[in-house]
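In what follows, a single structure is set out as structure tokens and then discussed.
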Amino acid sequence: MMTKGAEKKLGSVSAIPVGEARVFDVDGERVAVFRPRGGGIYAVQAECPHKGGPLADGLVGGTTLICPLHGWKFDLTTGAALFGECGLKTFPVRVDEDLVVLG
Amino acid sequence: MTKQKLVVIGNGMAGARVVEDILDRGGAKQFDIAMFGEEPTGNYNRILLSNVLNGSYKEEEIFLNPMEWYQEHNIRLHAGRKASGLLRRAKLVYGEDGVPEPYDKLIIATGSRAFIPPMEGTTIPAGGLKPGVFVFRTLEDCRQIAAWAKGNRTAAVIGGGLLGLEAARGLQNFGLDVHVVHLGGHLMQQQLDAGAGAILRSSMEALGIKVHLNKSTTAILGGENVLGLRFADGATLECDMVIISTGIRANWEIAAGCGLTVERGVVVDDQMRSVDDPNIYAVGEVAQHRGHMYGLVAPLWEQAKVVADHITGKNTRAAYHGSKVATKLKVMGVEVASMGIVDPQTPDDEVVQFSEPKRGTYKKLIIRDGRLVGGILLGDIGKAAYLMQAFDRNTPLPEERLQLLFDIGDPPKQVTFAEMSANTQVCNCNGVSKGTILACVTSGRRNARAVMDATRAGMGCGSCKSMVAEIVEWACGGETEEDPSVHSYVPGVPLTKPELIRAVLERNLKSVSAVFDLLAGGKEDAASKPGLASLLKVLWKAEYVDEKDARFVNERLHANIQKDGTFSVVPQMPGGITNPAQLRQIAFVAEKYHVPLVKLTGGQRIDLLGVRKDDLPKMWRDLDMPSGFAYGKSYRTCKSCVGSDFCRFGIGDSITLALKIEAEFQGFDSPHKMKLATAGCPRNCSEAMVKDLGAVAVEGGRWEIYIGGAAGSSIRKGDIMCVVDSHEEVLKYMGRFIQYYRENAKYLERTHGFVTRVGIDKIRAVVVEDSEGIADRLDREIAESKAAWADPWKNALLPANEGQFSSLLPVLQ
């Protein structure tokens, strides 16, 4: 598990194509980092709470994320479920110079 | 706690079943169980006896409870021993060998025996039936009939009921001439009326059985052995053996002998207890409940449950309220369904009837106050399940009676929405009930799209969409709010498909992000992205700017995502044609990448399932075969039958045509998937008639082109668009239709929906007759799309972007 308060440098922001996401292994915890076309960067748990769908392979429009397996929908900014029964764990994340920094 | 003693008299279907039900309710802890069975075996399925006689079942196959079952459950079975006495005051049952079994609770399940009407010469002075005369009730009867039938020539069955007819059929299998002699005016009077009986008679006679109606048998002729029958009208019939099947009589003697009330059977209350003794139950054919006796198995099961619930105390209020008798059976290969009464009983009873004697079809329904009270189906029993349900549940019938007898178009709605219970599941993919849809409407979503988005009803296979829409409309009292996106091609861009196409071409929009920027006020909509990507690819072909984030994961990674996040890999294999080298290569790759499941697909291809995302590009490189596009909203494949090369029926070269079709349309994006097939003759082995597009060879070197077929969540036979003379013409007209579909269908509208919506006449006019003068342009578009094809697996080692196939990236620090 990630230790609270500690910052992690995930790597260059260019590793995440615009509009898509990539999954990072952060001390054994899988975190999906999204880079929507409209700007900003968001980090959430990598697996859908419904049936474990790979959220980084989902579709993003604005800041709405759709899971590729059964279409659960989430708001990337808060992790709240827009369709589905429970939301996502979110992580603070920012871009510092070129680097994606978690925590 | 000391156990109570439970004794069951009778080890047939009723006795054994009620004991099973008691054990299921934990009865082994409460009761020490003993059973008397007159037959020396465990319990068998008496209904299947006629199948043993006709040889379709072996004896051992019909046993329900073999002897071991009784031992396993510590049941003392007195097998082959009839219970001969019952002392209620002492609470004792005696076996015929004198062994007593004391009881606290007693269940009488003695069933019934064959009824033998008074006829001269039935028995011999030494006692018992005359040699060659049989009843048909037990396994032992069955064995004796079979033994006697061998070596004899003619058999007469007295009684034209169900059991008699089944015996007749069994005897025919021994090569005997079989006569059925029946006292009444038509066969199977319990289940059929005169009209159906007459048709059944013709069907039986066509099979070689001679039927004699209105014949009262007065004597069985012959001294030591059977020589024939004599009838009341003086006529005679020569025969070597006689089966008497003239009904049954309940075995109530042991009950009557100790003073229990017996009429035709042991009279019981709603708990199936004797009306005279609360410790004695009766179940099955021996029981008489509210004046009714039942000889079918379904009521017996219901009775057994009530007894078991009540006797174990699991539900002391369990009650039997009688059964509505409906049955489905097969007599001499003729299918029969029968329920309730066979003839109208009051002047107001409504009769709906259809008769087609030549084909052996007969249908008759009796309706009272809008509900089914009786029905007979003979020959065609396709509607039996629906009708039996309506009969059993007493549900109101649709006004249009015709659809009760025949399937006309869509299956009739079994109940109206108002009557549909709230927990009825409407969407079977996502498990959404009517109640959930109603709650959603109540919460303010007043059009189908909004309800579907909120509940996911209709968002799985899509086959219930129209029903969801109808329920929403009904719930809104017909006043649904206009859904502004309903006419849009995709919900996120407020333009119809023609408007969108025009705008895209005029403004030169070649990427999905450009469309959102210029046509949707910069507002991206995730769900709209794949539809836009598909259309832009159709319009711009090689010039289309592919943005990976606009594609659904399958099209992003050129593989089909599975439930565990792995993928499936299906190489191209048109017509289902492969070769040893290709198979070796596939085998090599499957082993190298530890593919957990290798499976043949419905499209005649090989599916490698459970592949890790990171392995995809390496696998494609090692396979060195083109992508089969088994993941896309696109042309999938064209399967084929063997065609004219080897098949002795083939009249057209379906394999070569399938290969040409694949080369022409491979990888084409489309509103939904397109599955194709070619068939070398109208036997349609490759199911071309139910494909999105299909070509079927017909005599004269011609090909029928089918469009709009479906055999998935919807099933539809395609419409013939045209009949052409060559492979090249098949390609031309298929191509035109595909392009017309690509330009005009809504996103995710399969060809069957499109053809139904637009109409085959209109499509034929545009595609075949060129009524709009666009045929040349459609042909050109197809040629350009073909030229723009590129195998997405070819450049797999040069990914579209870094990490495209990485399931996990390392962390810097």
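Computed from the coordinates by the stated procedures, all read-outs in this text should not be read as laboratory data. Values in this document were obtained by computation on a predicted structure and should not be read as measured data. Reconstructed Cβ throughout: ideal geometry from the backbone, glycine too, with neighbour counts over all protein chains shown.
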**Q.** Three-way shape label, the range B:483-564, alpha-carbon gyration tensor, a/c 1.5
**A.** oblate
Q: Determine Rg/Rh for the range B:359-503; Rg is computed over alpha-carbon atoms and Rh is the Kirkwood hydrodynamic estimate from the same atoms.
A: 1.10
Q. Based only on the alpha carbon positions, what is the Kirkwood hydrodynamic radius of the protein assembly as shown, in angstrom?
A. 33.8
Q) Modelled label-to-label distance, B:ILE715 and B:ARG153, 7 Å Cα→beta-carbon offset: nm? A) 4.9
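Quick check on the range A:28-95: what does the Kirkwood estimate of hydrodynamic radius come out to from the alpha carbon pairs, in Å?
Over the range A:28-95, the inverse of the mean reciprocal pair distance is 11.6 Å.
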**Q.** Student exercise, the range B:700-813 dipole from Lys, Arg, Asp, Glu Cβ charges, in Debye to nearest 20
**A.** 400
Q | Folded to 0 to 90 degrees: helix B:13-24 orientation relative to chain B principal axis, Cα | A | 60
Q) What FRET efficiency, computed as 1/(1 + (r/R0)^6) with R0 = 51 Å and r the Cβ-Cβ distance, is obtained for B:ALA319 and B:GLN71, rounded to the nearest 0.05? A) 0.90
Q: Equivalent ellipsoid semi-axes for the range B:718-813, as square roots of 5 times the alpha carbon gyration tensor eigenvalues: give them largest first, rounded to whole Å.
A: 39, 17, 12
Q: When a/c is below 1.5 the answer is rounded, else prolate if a/b is larger than b/c, else oblate, so apply that to the range B:461-529 with a ≥ b ≥ c taken from the square roots of the Cα gyration tensor eigenvalues.
A: prolate
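Residue separation times 0.36 nm, minus the C-alpha to C-alpha distance between B:GLU224 and B:ASN801: what's the value?
198.0 nm
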Q: Under 12 Å from the Cβ of B:THR480, count the other residues' Cβ atoms, weight Lys and Arg +1, Asp and Glu -1, and hand me the total.
A: -3
Q) What does the helix-only formula give at 222 nm for chain B: each DSSP H stretch with n ≥ 4 adding -39500 (n - 2.57), the total divided by the residues, and the result rounded to the nearest 500 deg cm²/dmol? A) -8500 deg cm²/dmol
Q. When N is the residue count of the range B:1-69, what does its C-alpha Rg come to as a fraction of 2.2 N^0.38 Å?
A. 1.29
Q: Obtain the radius of gyration and the Kirkwood radius of the range B:48-188 from its C-alpha atoms and give Rg over Rh.
A: 1.05
Q | Spin-label model distance (nm) - B:GLU499 vs B:ARG612, 7 Å beyond Cα toward Cβ | A | 5.0
Q: Pull out the extension gain between B:ASP97 and B:SER56, defined as 0.36 nm times the separation in residues minus the alpha carbon to alpha carbon distance; nm, one decimal.
A: 11.1 nm
Q | Two-site label geometry, A:GLU29 and A:CYS86: point separation in nm, points 7 Å out along Cα→Cβ | A | 1.5
Q: Using R₀ = 60 Å, calculate the FRET efficiency as 1/(1 + (r/R₀)^6) where r is the Cβ-Cβ separation of A:LYS9 and B:GLU481; round to 0.05.
A: 0.75
Q: Could you work out how far helix B:529-540 tilts from the main Cα principal axis of chain B, as a 0 to 90 degree angle to the nearest 10?
A: 50
Q | Estimated FRET transfer efficiency (B:GLU769, B:LEU518; beta-carbon r; R0 41 Å; 0.05) | A | 0.65
Q | Residues of the range B:772-792 with amide N under 13 Å of a point placed 7 Å along Cα→Cβ from B:LYS541 | A | B:777-790
Q. When the label point is put 7 Å from the Cα of B:ARG584 along its Cα-to-beta-carbon vector, which residues of the range B:610-631 have a backbone N closer than 16 Å?
A. B:623-625
(Q) Please report the projected area of chain B's Cα convex hull averaged over all directions, in nm². (A) 48.9
Q: Relative to the longest principal axis of the C-alpha atoms of chain B, give the angle of the C-alpha long axis of helix B:384-393, reported between 0 and 90° and rounded to the nearest 10°.
A: 70
Q | Burial ranking of peptide ranges B:749-761, B:370-382 (average Cβ count within 10 Å, highest at the top) | A | B:370-382, B:749-761
Q. Among the Cys residues of chain A, which have no other cysteine Cβ under 4.7 angstrom away?
A. A:CYS86
